[in-house]
Amino acid sequence: MYPSLLSAVVIITLAGSGLCDTPSTNTLNIETIHHFSTNISLENLVVRRTGEIIVGFDNFPTIYQIEPEINGTATYIHTFEGYVDIHGMVEVTPDQFMVTTGNLSLVTHIDVPGSCSVWHVNMTGFPEHLEVKKVADFADSRILNGMALLDEEKGLVYVADSRVGVVNILNVNTGEHFVAINNSLTNQPPGDCQRYLYFSNFAQGIIGRVPIDENGLPEGDAEVVVSGLNTPEDFVLDKAGNIFLALFESNEVIRIDGETKEITVLAGSPDSSTYKWASAVEFGRRRSDKSDLYFAINGGFLEPDNVGGALFRIPLGDLTVV
Ligand SMILES: *[C@@H]1O[C@H](CO)[C@@H](O)[C@H](O)[C@H]1NC(C)=O
Ligand SMILES: *[C@@H]1O[C@H](CO)[C@@H](O)[C@H](O)[C@H]1NC(C)=O
Ligand SMILES: *[C@@H]1O[C@H](CO)[C@@H](O)[C@H](O)[C@H]1NC(C)=O
Ligand SMILES: *[C@@H]1O[C@H](CO)[C@@H](O)[C@H](O)[C@H]1NC(C)=O
Ligand SMILES: *[C@@H]1O[C@H](CO)[C@@H](O)[C@H](O)[C@H]1NC(C)=O
């Protein structure tokens with residue numbers, strides 16, 4: 001199956017929003033945005049300010065742009081020669097994306113220690129112009145996975161390494177980076193308006209969070225937010241603290257209520273092939289789709305029932321607070 005501890009995705013949010021929303025029970029109409037062939041596995045996605053969706057493969061070092069509409073066309077962006085996979089993407093300043101590349105084989109699950117890098121992809125002039133520059137090599141890395149913006153002004157991003165089990169801070173302007181967070185999980189009561197780094201741990205089946213100071217360093221112990229999850233992958237939080245999460249081996253996208261922690265299945269089921277191996281989620285960024293959730297599936301790469309990597313959309317309506 002998949003390598004354990006593959007996913008550690010990082011999100012920064014403010015605690016204490018305290019909004020109460022009642023989940024609706026309307027049937028969700030899940031739309032197919034784009035379906036790749038069975039030779040493509042999607043592992044991550046990011047949404048441009050203009051609404052187009054960038055997807056990264058984890059069986060080729062390639063990124064594509066997809067129009068955020070039903071049967072949206074996919075446009076090739078770039079291939080990072082000399083690598084095998086893409087596992088993380090984040091926007092730092094408008095249309096300036098950081099992309100992690102590495103040498104993890106989706107077939108053998110063997111990675112090449114020290115082979116990961118982070119690249120700057122400038123989408124401003126795309127498709128006419130594209131600038132791709134290496135930002136940093138990570139000599140002590142295994143699998144650079146989730147990324148999150150820490151400080152746009154200073155150009156600081158978090159880069160999780162899911163096999164080493166740490167979170168780095170990278171300065172995208174200088175390429176300097178260091179291990180910032182390396183914690184086991186213990187408990188500590190949250191303060192109000194504390195900033196947190198949220199992460200998912202695939203192998204431990206949890207979403208956790210660690211309080212951070214103004215430099216992005218931990219200022220307390222990590223705590224479990226939700227446990228007992230089957231292979232939690234990528235996730236996002238909305239303004240009310242509700243968590244929208246891809247459960248990889250459950251083939252599901254779920255909503256975890258920020259207040260009650262109640263779980264609602266939005267798409268898929270453990271025996272679903274349609275949404276096989278849910279890998280990534282992100283909100284739309286257009287006026288028309290900002291309360292829609294896009295999600296990608298790996299498709300079941302190398303499995304007999306592989307359906308191919310694909311991108312879908314769930315109109316969330318009042319299930320989210322935008
Ligand atoms: C995947 O297969 C399709 C045809 O089935 C082919 O057009 C495409 O080039 C392949 N993609 C890669 C990255 O090999
Ligand atoms: C999308 O493509 C599918 C399969 O080709 C087709 O059946 C469907 O009508 C298309 N939908 C739209 C809205 O174009
Ligand atoms: C990573 O994989 C690519 C493609 O197979 C290969 O060209 C490159 O040498 C590998 N890098 C390392 C450090 O092994
Ligand atoms: C991005 O590329 C555009 C050209 O397409 C260029 O004008 C701009 O300076 C670049 N921005 C950065 C931050 O490199
Ligand atoms: C993380 O912490 C553990 C336990 O203190 C330590 O053994 C390990 O070397 C640390 N890893 C990194 C990359 O700093």
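The values are calculated or read from the model by the stated rules, or taken from the named source; none is laboratory data. Not measured: the values here are computed from a predicted model. Virtual Cβ from ideal backbone geometry, glycine too; neighbours counted across all protein chains shown.
Once the range 275-322 is narrowed to residues that are surrounded by fewer than 18 Cβ atoms within 10 Å (Cβ to Cβ) and among the β-branched types (Val, Ile, Thr), the residue that is farthest from residue 48 (Cα to Cα) is 321. One residue stands out in the range 127-161 among those that are of a type outside the set (D, E, K, R) and assigned to a loop (DSSP other than H, G, I, E, B): the one that is nearest to ligand 4 (Cβ to nearest atom), namely 129. Looking at 120, 177, 129, just one residue is surrounded by fewer than 13 Cβ atoms within 10 Å (Cβ to Cβ) and either over 16 Å from the mean Cα position of the chain (by Cα) or of a type in the set (Lys, Arg) (or both), and that residue is 129.
Checked against the criterion of being among the basic types (Lys, Arg) and buried (at least 18 other Cβ atoms within 10 Å of the Cβ), the range 156-165 has at least one qualifying residue. Determine if the range 95-111 includes at least one residue that is acidic (Asp, Glu) and within 16 Å of ligand 1 (Cβ to nearest atom). No, the range 95-111 has no match at all. Filtering 110, 53, 77 for residues that are within 16 Å of ligand 4 (Cβ to nearest atom), hydrophobic (A, V, I, L, M, F, W, C) and either surrounded by 15 or more Cβ atoms within 10 Å (Cβ to Cβ) or free of Cβ contacts under 8 Å to residues at least 12 places away in the same chain (or both) leaves a single hit, 77. The range 1-120 holds strands (runs of 3 or more DSSP E) entirely within its bounds, and those carrying 1 or more residues that are within 28 Å of residue 140 (Cβ to Cβ), at pLDDT 90 or above and within 16 Å of ligand 3 (Cβ to nearest atom) map to 53-57, 62-66, 74-79, 85-93, 96-102. Looking only at residues in the range 49-84 that are among the charged types (D, E, K, R) and over 14 Å from residue 295 (Cα atoms), the one that is nearest to the chain's Cα centre (by Cα) is 58.
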